[in-house]
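Readers should treat all values here as calculations from the given coordinates under stated rules, not as data from a laboratory. Only a predicted model underlies this, so the values are computations on that prediction, with no experimental measurement involved. Cβ atoms come from the backbone with ideal geometry, glycine included; neighbour counts cover every protein chain shown.
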Amino acid sequence: MAANKRGGRPAKAGGNRDNRKSGTGRSGPRREEVRSGGSDRAGRKPGARPSEQSSARREFTPGRIVKQSDRSAAKPSKKESTGKQGRAEEPKELFVLPPRPKGPVPKRAPFQLMVTKPWDHYALLDMGHGKKLERYGPYVLVRPEPQAMGSPCLDAQVWEQADAVFSGDLEEEGPGRWKYRTALGETWQTHWDDLSFYGRFTAFRHVGFFPEQAAHWAWMEKSLKNAYLGRPPRVLNLFGYSGVASLVAARAGAEVTHVDASKKAVAYGKENQILAGLEGKPIRWIVDDAMKFVQREIRRGNVYDGILLDPPKFGRGPKGEVWQLFEMLPQMLDACRQILSPQARFFTLTAYAMRASYAAFDELMLEVMTGQGGVVETGELMIAEEDGDRRLATSIFTRWRPFKKDEASGIEAENAGEESQNV
Ligand SMILES: C[S@@+](CC[C@H](N)C(=O)[O-])C[C@H]1O[C@@H](n2cnc3c(N)ncnc32)[C@H](O)[C@@H]1O
């Protein structure tokens, strides 16, 4: 298969990419209007101001917002075009990814299942009938789990002995309430590896951290420790919640920027930093809208060696800014790509919104990262039951990383020559 030297993805990987590259069949700007960003990863210093960056970088046209009415095929539905009072609403504006810059196409890695095994402070004990039974440190909890579609294995008695049961909205971010067998405090001290943080009973069925993320924490920690950049890696944790990933990154030697819209979540993060004994580590805690923050970082010319994002399906920024995953994800990923440093080690998205398939996320990340080479790995995060062979699927992830030094031999010939810029 010949490499597509015009910056698009090879036919095998992406199908009919040619019309995208030429600007036909897309509402984005035509390729002739867009200067190549192919060299935008070369020679740009981390943290450099825009004026110090390569001209190719500055000239790369970001995606544009296209009014839905511009797109002949996408007529608004009746529901969309009339408000509650029958008044016409503004047509929705959709983000259209710009044509990809020239450069190597990421290799598509095989689908991966990243399974979190139990540790002394966490175990998935049983699941079934839409619920899961978990041990969190000193407590056994029952929480709704739409993906636990089988039957429980343990006796009903074991479930009845649980210390707390959450009931409420089945939506991931939906409210509900905890019912306790005996009075419990709001928080408990827990840890992963030797990193301490708080577990907590929240009104949204969460418990202050997401155990399946442990697979990402371990992977990220290794990646940061092996980064050898000659300076601390810079990590951006968007939609960072209570900050466990931020702590893991800081412990691994990174300078961390943690962004979340919720003052409460950021306060949890700061409390966790103190409990972990990492007060001296450089973590910037920022209450902001994730999209606005990234757009500001583009303008300021700040770049990161690793980006994590774990956005909800729907959310709001501190000033009411709306976040809609299915409408805004392409724009967000494309904006994040623009603040990846030339030495970037990872760019990881996790999504609990299961409306999309893993393949849809894989396609999007490949499209966004075309021009950067490297590898796109996509799969699901799972939790292994403590006793038994079953595993609970929790979320989809997709992540980009550069090639590893010893990886070239396994790469198709046409990519092998191009990868060195990322090594
Ligand atoms: C699913 S949680 C993230 C979980 C976290 N990554 C972890 O593993 O612990 C989603 C977070 O997104 C935040 N959020 C929602 N809308 C936001 C927005 N527009 N900008 C920034 N953060 C937002 C919420 O406050 C919440 O803390």
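Observations, loosely collected:
- Between the stretch 203-253 and the stretch 322-395, the alpha-carbon centres lie 15 Å apart.
- Asp193, Asp406, Asp305 arranged by Cβ crowding within 10 Å, fewest neighbours leading: Asp406, Asp193, Asp305
- HN-Hα J in Hz across the stretch 153-167 - Karplus 6.51, -1.76, 1.60, θ = phi - 60°, x for Gly and Pro: 9, 7, 4, 4, 4, 4, 5, 5, 7, 4, 6, 8, 10, 9, 10
- Prolate/oblate/rounded label for the stretch 231-353 (Cα gyration tensor, a/c 1.5): oblate
- Surface/4 estimate of mean projected area, convex hull on alpha-carbon atoms of the stretch 121-193, nm²: 5.4 nm²
- In a fully extended conformation the segment linking Lys263 and Asp389 would gain 41.4 nm over its present Cα-Cα distance, using 0.36 nm per residue.
- When each of Lys131/Lys179; Lys225/Lys281; Lys263/Lys292; Lys132/Lys222; Lys117/Lys179 is checked by Cα-Cα distance, pairs over 20 Å: Lys132/Lys222; Lys117/Lys179
- Looking at the stretch 191-350, the DSSP beta bridges with both ends there are about 20 percent antiparallel.
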